[in-house]
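Rule-based calculations on the coordinates, nothing more; no lab input. Everything numeric here is computed off the predicted structure, so don't read it as measured data. When we count neighbours, we look across all protein chains shown, and the Cβ atoms used for this are built from the backbone with ideal geometry, even at glycine.
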Amino acid sequence: MKRFRVLWMAVALLFVFVPAAQAREFVLGHTGQPSVTFAQAGEKFAEFLAKHSDGKLTVKAMGASALGNNREGIEQIQQGVTDFWIISTGLLAQFTKAVSVYDLPYLFKSEKAVLDFVNSDVAMEIVEPLNEKGIHPLGYFIMGWRHIHSNVPVRKPEDLAGVKIRTEPAPIRMGIFKALGASPIPMDFGEVFTSLQQGVIDAGENTLENIQSQGFHTVQKYIIIDGHIMDPMLLVISNNTWNKLSDEEKAIVQKAADEACTWDQENVLANNKKILDEFKAAGSPEIIELTAEERQAFREASKSVFDEYRDSIDLELYEKIMKFQESYAEEAPNS
């Protein structure tokens, strides 16, 4: 009996002296300026993670390309050098065919359709294959509608003939503007302002937040509210980091990510609308809002993209997106 008491005392002492979970500090990178919503959502993620872990799990957010551009950032994620990254899905097509579906022009009917979709099981199914490349998706942020900014007025596809327009280095996104008659030039985000300023390119396309935060509006005469793409983003974690976490830590990270995604989605579209109102009030650059008929002309002119890149698209996922938004009404992309 005495022997058992000694044994239980030894076991009890073992638990007493087991060290508490060590504090972990992670690094999160992105290319956004502090004023854009997804950058602020990254800070919120750090805040939520510290809160839910009682300060044991912390994140140092480093934006404005402090850790490199998006290509370099994703390489760091794959290598386990950086823990978290926020990135547009358009830049991940090289890793999985599935995300290319988001690059199709005029895919979503409305903001509500997008917000509901990115929180669906199908949306997570689309990005799940990234795990095979060392990239674990935690959830979706939203950048908003992408619009054309240009030094020439654009109301119909023909107005883009020969216009040198910067696009992200994603084949389908380049194909959209090729179909519209422009001359698409793939270029890293950090090179765009200088290229516009020096006349290397005539135009670009981006969200209103990025147009304002990068100062593109100061070197462009027009912003054309066409909403050719609704740009989803992902908050991802390196599989190298993810696999080192305990189940409890994984649950805490996922909870913080869910809350950060919700915060982003609740704020980004309203902020884009605010920026649009500010541009209108300033009177420069000139805002060209396409009518439903004018926007339809762009949709028709870009239809060839679907056939040209059919082999690059997961058609089953495309059909799921179409089916998902059958009941949604078409709305103007005013953010």
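Descriptive notes on the structure:
- Candidates HIS52, HIS217, HIS30, ranked by Gaussian network fluctuation over the chain, Cα under 10 Å, top entry: HIS52
- Among SER335, SER120, sorting on how many other beta-carbon atoms sit within 10 Å of each Cβ, with the fewest leading, yields SER120, SER335.
- Computed FRET value (nearest 0.05) for ASN119 with GLN22, which takes r as the C-beta separation and R₀ as 35 Å: 0.55
- Straight-line cross-link reach from LYS51 at under 16 Å between alpha-carbon atoms covers these aspartates and glutamates, not counting any fewer than eight positions away in the same chain: GLU25, GLU43, GLU248, GLU249, ASP258, GLU259.
- Under 20 Å from the Cα of LYS273 - lysines, other chains or at least 8 residues apart: LYS109, LYS112, LYS221
- The simple spin-label model puts a point 7 Å past each Cα toward its Cβ; for SER35 and SER284 those points are separated by 1.6 nm.
- Net charge over other residues, Cβ less than 13 angstrom from the Cβ of SER304 (K, R count +1; D, E count -1): +1
- Dipole magnitude for the chain: computed about the Cα centre from +1 point charges on Lys and Arg Cβ and -1 point charges on Asp and Glu Cβ, it is near 1120 debye.
- For the range 169-223, the Kirkwood hydrodynamic radius comes to 11.8 Å, computed from all pairs of different C-alpha atoms.
- Among GLY139, ASN151, PHE108 the positive-end extreme of the charge dipole of the chain (Cβ point charges): GLY139
- Reach of LYS44 by Cα under 18 Å, taken over lysines that are not fewer than 8 positions away in the same chain: LYS56, LYS60, LYS250, LYS255
- Residues of the range 53-71 with amide N under 17 Å of the 7 Å Cα→Cβ point at THR262: 53
- For the pair LYS164 and ALA251, label points projected 7 Å from Cα toward Cβ lie 5.7 nm apart.
- Which of THR291, THR96, THR262 has the fewest Cβ neighbours within 10 Å, and the rest in rising order: THR291, THR262, THR96
- Against the rule of thumb 2.2 N^0.38 Å, how large the Cα Rg of the range 19-75 comes out: 1.24
- Tail fraction, Cα-Cα pairs, the range 220-295, threshold 20 Å, whole percent: 56 percent
- Pairs spanning more than 23 Å between alpha-carbon atoms, out of LYS164/LYS274; LYS97/LYS274; LYS97/LYS178; LYS133/LYS244: LYS164/LYS274; LYS97/LYS274.
- Of LEU235, THR262, PRO285, farthest towards positive along the dipole that unit charges on Lys, Arg, Asp, Glu beta carbons give the range 22-324: PRO285
- The ranking of MET233, MET124, MET187 from fewest to most other beta carbons within 10 Å of each one's beta carbon is MET124, MET187, MET233.
- The chain: angle of helix 2-16 to the longest principal axis, Cα-based, in degrees nearest 10: 30 degrees
- Note on the chain: Kirkwood hydrodynamic radius from all Cα pairs is 21.2 Å, rounded to one decimal.
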